[in-house]
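A.B. asks: Quick one: the structure is below, and I'll ask about it shortly.
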Amino acid sequence: MSSITIDAPEARSVYPSTTVSTENNYQTIIKFSVWTLGTIIFCLAMIDFYAQTYASESGIALQTAQEDMSELNKDLRLSEIENYLVGAPTVQSGPADKYTHMCKEMKKYTWKGFFKTYSITVYLGLGNDPSVDFVHTPGETIEKPSVLASYPQN
């Protein structure tokens with residue numbers, strides 16, 4: 001004979017076991033939180049990536065245009081800079097800093113990311129529509145001339 005026992009409906013619990021469903025709810029909440037946080041961080045990183053890309057592309061485009069114009073014995077002018085800028089940078093103007101002696105003015109174009117700010121600096125000459133003398137791009141270092149290099153070698 002079989003030994004199967006059948007519980008009467010009165011003997012069963014009215015409420016199902018809550019420990020399994022509570023664990024599943026916590027896991028679902030944790031997964032949702034991790035995915036949401038990951039998505040937010042990814043979006044903020046993309047904002048930074050685009051700011052860096054816009055600054056780099058603009059700097060390279062300006063340097064390339066400056067080289068192309070110099071091959072034609074022409075100067076890249078301030079009025080032509082807007083054609084080479086990517087994105088919507090903010091612009092700050094000021095006098096040229098101590099590293100460039102022949103430039104009168106500099107314009108700093110800044111792209112703001114979420115974590116970092118990226119910028120290029122354009123050094124301008126004299127006149128109503130001044131020429132672009134130098135473009136300093138992100139990651140590029142300005143080397144100071146060494147004192148020993150100015151002395152004649154024997």
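A.B. asks: Could you list, in sequence order, all residues of the range 81-97 that are surrounded by fewer than 16 Cβ atoms within 10 Å (Cβ to Cβ) and more than 21 Å from the chain's Cα centre (by Cα)?
C.D. replies: SER93, GLY94, PRO95, ASP97 - these are the residues of the range 81-97 that are surrounded by fewer than 16 Cβ atoms within 10 Å (Cβ to Cβ) and more than 21 Å from the chain's Cα centre (by Cα).
A.B. asks: For the structure I just gave you, tell me whether ILE30 is open to solvent by 100 Å² or more (accessible area, probe 1.4 Å), among the β-branched types (Val, Ile, Thr) and at pLDDT 90 or above.
C.D. replies: It is true that ILE30 is open to solvent by 100 Å² or more (accessible area, probe 1.4 Å), among the β-branched types (Val, Ile, Thr) and at pLDDT 90 or above.
A.B. asks: I've got another one for you. Are any of the residues in the range 55-67 open to solvent by less than 60 Å² (accessible area, probe 1.4 Å) and over 21 Å from the mean Cα position of the chain (by Cα)?
C.D. replies: yes
A.B. asks: Also, I was wondering about something else. Could you tell me whether the range 36-54 includes any residue that is of a type in the set (D, E, K, R) and either more than 22 Å from the chain's Cα centre (by Cα) or surrounded by fewer than 13 Cβ atoms within 10 Å (Cβ to Cβ) (or both)?
C.D. replies: Looking for residues that are of a type in the set (D, E, K, R) and either more than 22 Å from the chain's Cα centre (by Cα) or surrounded by fewer than 13 Cβ atoms within 10 Å (Cβ to Cβ) (or both), one finds none in the range 36-54, hence no.
A.B. asks: Within the range 106-139, can you find the residues that are charged (D, E, K, R) and at pLDDT below 90?
C.D. replies: ASP129, ASP133 - these are the residues of the range 106-139 that are charged (D, E, K, R) and at pLDDT below 90.
The values are calculated or read from the model by the stated rules, or taken from the named source; none is laboratory data. Given the structure is predicted, the values throughout are model-derived calculations rather than measurements. Cβ coordinates were reconstructed from backbone atoms using ideal geometry, including for glycine residues, and neighbour counts include every protein chain displayed. When the accessible area is computed, the model is the full protein with side chains, heavy atoms only, and any ligands, DNA or RNA have been set aside. Shrake-Rupley method; radii C 1.70, N 1.55, O 1.52, S 1.80 Å.
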